[in-house]
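Take a look at the structure set out below.
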Amino acid sequence: MSNRTFTMIKPDAFSNGNSGDILSMIERAGFRIVAMKKTWLSADKAGEFYAVHSARPFYGELVEFMSSGPIVAAILEKDNAVADFRKLIGATDPSKAEEGTIRKLYAESVGKNAVHGSDSDENAAIEGSFFFSGMEQW
Ligand code: GDP
């Protein structure tokens, strides 16, 4: 059971001014913010982050969207972090997300879906170190 996960507030939620509300939901759900920054991915960096999806038909659209504006990247800590955070954000497609989840409340579509949450302990570590170095100090 891991106690860390990685999240991004995606460009749609950031530009709609929902970062504060989303961070508040995250903290109220018991996650501690270990590291956080606002940044803006280049298309190259977004492509690298989502390389695992490079064969999918939506890859181009995903890279364009994720490099379209600022994001907030953060490492979060809580018991059972990966699974609990996936539950808090809800299904990839907001029309299928449970009531009260972040995506149900703030996502527009399956592509512009407000937040990212790592899907495994291994990916949480890889994705966290994509944005933050020297994590052992946190
Ligand atoms: P997640 O783990 O819930 O984020 O979902 P996936 O790993 O399946 O997909 C990664 C991201 O790709 C999603 O969060 C969406 O932003 C995007 N994505 C997934 N499916 C689609 C799609 O059908 N169309 C578009 N445009 N983007 C998609």
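Since every read-out is calculated from the coordinates, none of them should be taken as a lab result. What you are looking at is a predicted structure, and each value in this text was computed from that prediction instead of being measured. Ideal geometry is used to build each Cβ from the backbone, glycine not excepted, and the neighbour counts take in all protein chains shown.
Overview of values
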| read-out | value |
| --- | --- |
| Pairs with Cβ under 7 Å, 6+ apart, first in segment 1-23 and part of a helix (DSSP H, G or I), second of a type in the set (Phe, Trp, Tyr) | PRO11/PHE65; ALA13/TYR106; ILE22/TYR106 |
| Search result, residues across segment 20-43 that are within 16 Å of the ligand (Cβ to nearest atom) and among the aromatic types (Phe, Trp, Tyr) | none |
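Conditions (1) touching a residue at least 40 places away in the same chain (Cβ under 8 Å); (2) surrounded by fewer than 16 Cβ atoms within 10 Å (Cβ to Cβ), marked per residue:
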site	(1), (2)
PRO70	yes, yes
ALA73	yes, no
LYS78	yes, no
ASP84	yes, no
LEU88	yes, no
GLY100	no, yes
GLY111	yes, no
ALA114	yes, no
